[in-house]
Amino acid sequence: QGRGAAVTSLICAIAAFVLLGFCIIAGATKVDESLIGGIFILSALLALVGAVLGIVAAAKSNRDTSPHNAKTLAVVALVLNGLYLTLTIVFLILGAVAD
């Protein structure tokens, strides 16, 4: 139970970090700012969905008593999504201060 949600949460976290890297590289090469902003918002939404799925997967895996439950995967995905959301908040604060 919860294995699919845990894997999906981890995929969301990885995709969010990849999109963040794209935003950083695109910002350094002077790509259109509206495109970068849209991708940044998409990556933040992916991380938010991933965090919710990580919570759901962790809760479901608590009920699963088999030795092959997905609790570790759910916790790792939840930590990665939380780290991404924290970075997003820091970047938004730094952007507001810079303007």
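The values are calculated or read from the model by the stated rules, or taken from the named source; none is laboratory data. This one's a predicted model, so the numbers in the text were calculated from it and none came from an experiment. Here the Cβ is made from the backbone with ideal geometry for all residues, glycine too, and neighbour counts use every protein chain on show. Keep in mind that these areas ignore ligands, DNA and RNA; they rest on the heavy atoms of the full protein, side chains included. Shrake-Rupley method; radii C 1.70, N 1.55, O 1.52, S 1.80 Å.
For this structure, a couple of remarks:
- Accessible-area value, Cys12, 1.4 Å probe, nucleic acids and ligands omitted, Å²: 10
- Couplings 3J(HN,Hα) of the stretch 80-93, computed from phi: 5, 5, x, 4, 5, 5, 5, 4, 4, 5, 4, 5, 5, 5 Hz, in residue order, whole Hz [Karplus 6.51 cos²θ - 1.76 cosθ + 1.60, θ = phi - 60°; x for Gly and Pro].
- Dipole-positive endmost among Val18, Thr65, Phe40 within the chain (Cβ charges, Cα centre): Thr65
- Among the protein heavy atoms of the chain, carbon and sulfur supply 75% of the accessible surface, probe 1.4 Å, non-protein parts ignored.
- Solvent-accessible area of Phe40 with every protein chain in place, 1.4 Å probe, in Å² to the nearest 10: 40
- Karplus-derived 3J(HN,Hα) values for the stretch 54-59, using 6.51 cos²θ - 1.76 cosθ + 1.60 with θ = phi - 60°, are x, 5, 4, 5, 5, 5 Hz; glycine and proline are entered as x.
- Sequence of Asp99, Asp32 when ordered by accessible area, the most exposed leading, probe 1.4 angstrom: Asp99, Asp32
- Computed from the C-beta positions of Lys30 and Val79 and an R0 of 25 Å, the FRET efficiency is 0.15 to the nearest 0.05.
- Per residue value of the accessible surface for the stretch 33-99 (all protein chains in place, 1.4 Å probe), Å²: 63
- In order along the stretch 10-16, the Karplus-derived 3J(HN,Hα) couplings, from 6.51 cos²θ - 1.76 cosθ + 1.60 at θ = phi - 60°, round to 5, 5, 4, 5, 5, 5, 5 Hz, and Gly and Pro are given as x.
- Net charge dipole size for the chain [Lys, Arg +1 and Asp, Glu -1 on Cβ; Debye, nearest 20]: 460
- Distance (nanometres) between label positions extended 7 Å along Cα→Cβ at Leu94 and Val49: 2.7
- Its Kirkwood hydrodynamic radius, worked out from the mean inverse distance over all distinct Cα pairs, puts the chain at 14.1 Å.
- Spacing of the two label points (7 Å from each Cα toward its C-beta) at Leu87 and Ser66, in nm: 3.3
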